[in-house]
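As structure tokens, the structure follows; a few thoughts come after it.
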Amino acid sequence: MNKQTKVWLVLSISLSLLVLGAACGGGGTNKETNTPSTTETAAAPYSGPTGTISGVISYNGTPPAPKKIDTTADPVCGQKNPNLATDDTVVKDGKLANTFVYIKDGTVEGGKKIGEYGWPVPPTPVKLDQNGCHYVPHVLGVMVNQKLTITNSDATQHNIHPTPKLNPEWNQTQANGAPPIEKTFARAETLIPVKCNQHPWMKSYIGVLKHPLFAVSDGSGAYTISGVPPGKYTVVAWREGQTPEEQTMEVTVSASAPGKADFAFPKGGAATSSTKPSLEMLPAIEFPMLGKH
Ligand SMILES: [Cu+2]
């Protein structure tokens with residue numbers, strides 16, 4: 001039909017103009033520049049006063065006792081680390097180590113989203129060591145494109161094998177005395193499980209974020225995220241497991257009043273007897289940390 005064709009023509013032209021507008025208008029300026037369209041304009045970093053978010057991670061109830069690992073398959077492991085045990089639940093005096101706590105999203109005072117700032121990648125690599133046939137540290141955070149240096153301190157061979165969902169999967173053998181392996185992750189991902197193809201008990205988890213606002217709870221369950229701009233944030237505490245458990249909390253930070261966020265795992269454990277129907281406080285919409293183009 002002639003009329004229909006016209007309508008389609010008008011529609012497709014409008015659509016093309018829209019797409020063009022979206023492609024060109026990303027920089028917030030209408031001026032033509034010679035910058036190739038493929039290079040992303042780096043967002044300005046946050047510069048201003050900062051505060052902290054800190055807290056303590058507790059364990060609800062009696063933690064499972066660590067299980068001794070049978071290392072007969074590789075005597076080197078047993079010689080170096082005769083008391084090798086599972087390290088998925090490290091609890092001391094009711095406080096839980098190895099919980100990954102990070103800012104998921106939020107608004108900095110002044111109205112900008114946390115992901116709208118540029119966060120420079122630290123030049124210092126993050127280290128992951130294989131020592132005594134387990135990974136040290138057990139849980140770690142790294143920024144997107146920050147170097148991760150993997151070392152082998154054991155007199156045996158390891159095979160590092162991260163199994164990400166958003167980043168490329170790889171596995172690499174590292175013999176005794178082999179040079180460090182250097183890797184980066186191009187996409188934010190929380191968290192990437194790491195295993196060793198030589199030693200099935202070896203597990204580690206890597207959180208990859210576009211900003212440095214993360215921390216891991218220490219042996220006393222304590223953590224501190226520093227360098228946090230004043231604002232209001234959704235903070236996530238992540239704990240490994242068959243199905244990893246995530247808890248969220250809204251936290252307000254000012255330069256003078258630090259944010260506090262204590263968590264307890266597992267949720268609804270022995271500590272809370274009356275269980276309300278769990279109404280998650282998180283809005284359905286997630287704010288991607290992705291910068292706009
Ligand atoms: Cu290994």
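The values are calculated or read from the model by the stated rules, or taken from the named source; none is laboratory data. Computed from a prediction, not measured in an experiment: that's the story for all the values here. Positions of Cβ are backbone-derived with ideal geometry, glycine not excepted, and every protein chain shown enters the neighbour counts.
Quick look at the values:
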quantity: Any hit, segment 238-255, residues being closer than 25 Å to K67 by Cα, hydrophobic (A, V, I, L, M, F, W, C) and crowded, with 19+ Cβ neighbours inside 10 Å; calculated: yes
quantity: Among the candidates I53, I57, residue that is touching a Leu at 6+ places or on another chain (Cβ under 6 Å), under 28 Å from F100 (Cα atoms) and modelled with pLDDT of 95 or more; calculated: I57
quantity: Complete set of residues in segment 189-202 that are surrounded by fewer than 21 Cβ atoms within 10 Å (Cβ to Cβ) and either over 16 Å from the mean Cα position of the chain (by Cα) or at pLDDT below 95 (or both); calculated: K195, N197, Q198, P200, W201
quantity: D88 at positive phi, of a type in the set (D, E) and away from the ligand (no atom under 16 Å from the Cβ); calculated: no
quantity: Test result for N145, surrounded by fewer than 16 Cβ atoms within 10 Å (Cβ to Cβ) and farther than 21 Å from P179 by Cα; calculated: no
quantity: Close pairs (6 angstrom Cβ cut-off, 6 or more residues apart or separate chains): over 18 Å from P137 (Cβ atoms) in segment 69-90, assigned to a helix (DSSP H, G or I) and within 12 Å of the ligand (Cβ to nearest atom) anywhere; calculated: T71/C77
quantity: Some residue of segment 79-91 being crowded, with 19+ Cβ neighbours inside 10 Å and over 23 Å from the mean Cα position of the chain (by Cα); calculated: yes
quantity: Qualifying position, being closer than 16 Å to A237 by Cβ, under 19 Å from the mean Cα position of the chain (by Cα) and touching a residue at least 60 places away in the same chain (Cβ under 8 Å), among T99, T107; calculated: T99
quantity: Close pairs (7 angstrom Cβ cut-off, 6 or more residues apart or separate chains): closer than 18 Å to Y102 by Cβ in segment 175-193, at pLDDT 95 or above and charged (D, E, K, R) anywhere; calculated: A188/K210; E189/K165; P193/K203
quantity: Test: residue in segment 96-106 that is at pLDDT below 95, closer than 30 Å to L191 by Cβ and of a type in the set (D, E); calculated: no
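This table checks each residue for (1) modelled with pLDDT of 90 or more; (2) over 29 Å from N145 (Cβ atoms); (3) surrounded by 15 or more Cβ atoms within 10 Å (Cβ to Cβ).
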| residue | (1), (2), (3) |
| --- | --- |
| S217 | yes, no, yes |
| F265 | yes, yes, yes |
| K276 | no, yes, no |
| P288 | no, no, no |
| G291 | no, no, yes |
